[in-house]
Amino acid sequence: MSSIGRWIGALLGLIFFGFFGAVIGYFLGYIYDFVSTKQSSGTVNISQRGSFISYLMALTAAVLKSDHIVKKIELDVVKQFLLSNFGEQDTLKALQILKDYLDNGTPIDEVCYKIKHSMTTPLKLQILHYLYQLGNADGALNAQELGVIENIAIKIGLSYADNNSIKNMFIVQTDSAYEILGVSKNSSDDEIKKAYRDMAKKYHPDKVNTMGEDVKNAAKEKFQKVNQAYDAIRKERNMK
């Protein structure tokens, strides 16, 4: 089977957006070359954009159905995210895909496997952030939502530390600042400084500068949370 699409995508991404653009271009080309999805009417080839939206709606359906109640405020979060990143026409298509998943079930293991093996860590982190934002739409993440999201995080290949960091951006606990940086209260000042530098690189908005506005805004929010956590710890410890 031809693989030319992925290399053309990588080359165009490199030319216009640098190294990260090349990674995204390669992924989109990969989807173009290889990804197909089976529906009730048979086997249907879908575009790279359609693939990403389909994956995202599958994960969205899993979170929405976790507590057996689909709330309007949650659907508003989904719609706003889609409109900001994909436009009105694709949003209508995505909402129909979401409805199908809600009505007929979600192939969550298959979707997570595809995401794990075809997406970069920054994109996975953005997806996880979106899912936590969705679960927290009503102001609280319940146990069922947390269980589903944490399971997704594992299945798409994110570490416990990655999941815990993003989760603590939405659940305020006594040690949330330390959890966001992936350290403990017993960590030394030097360890905390190193963890902050590592997190600042991982969550820097430039990692997703080729994505839609909501994704970029979410990246900025995560980056801000990391800075706020570090500032809180510095203040607590009187660190310079």
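Could you list, in their original order, any pairs among K65/K201; K116/K235; K185/K220; K65/K185; K71/K116 whose Cα atoms are separated by more than 31 Å? Display every interim value, and only then the final one.
Details: K65/K201 34 Å; K116/K235 38 Å; K185/K220 26 Å; K65/K185 36 Å; K71/K116 29 Å.
Going by Cα-Cα distance, K65/K201; K116/K235; K65/K185 fall outside the 31 Å limit.
At q = 0.13, 0.17 Å⁻¹, what base-10 log of I(q)/I(0) does the Debye formula yield for the stretch 35-237 when every alpha carbon is treated as an equal point scatterer in vacuo?
After summing over all Cα pairs, the log10 values are -0.71, -1.17.
With an 8 Å cut-off on Cα pairs and a minimum separation of 6 or more residues, tell me the relative contact order of the stretch 35-237 in percent.
On the way: 204 pairs, mean separation 40.9, N = 203.
Here the relative contact order equals 20 percent.
Taking the simple approach of a point 7 Å from Cα along Cα-to-Cβ for both D231 and L95, what is their distance in nm?
With each label placed 7 Å out from Cα toward Cβ, I get 3.8 nm.
Taking the Cβ-Cβ separation of R49 and H204 as r and a Förster radius of 30 Å, what is the calculated FRET efficiency to the nearest 0.05? It would help to have the intermediate numbers written out before the result.
Working: r = 25 Å, r/R0 = 0.83.
Given R0 = 30 Å and the Cβ-Cβ separation, E is 0.75.
Bear in mind these aren't lab numbers, they're just calculated from the coordinates by the rules spelled out. Keep in mind the model is a prediction, meaning the values are calculated, not measured. Glycine also receives a Cβ, built like all others from the backbone with ideal geometry; neighbour counts cover every protein chain displayed.
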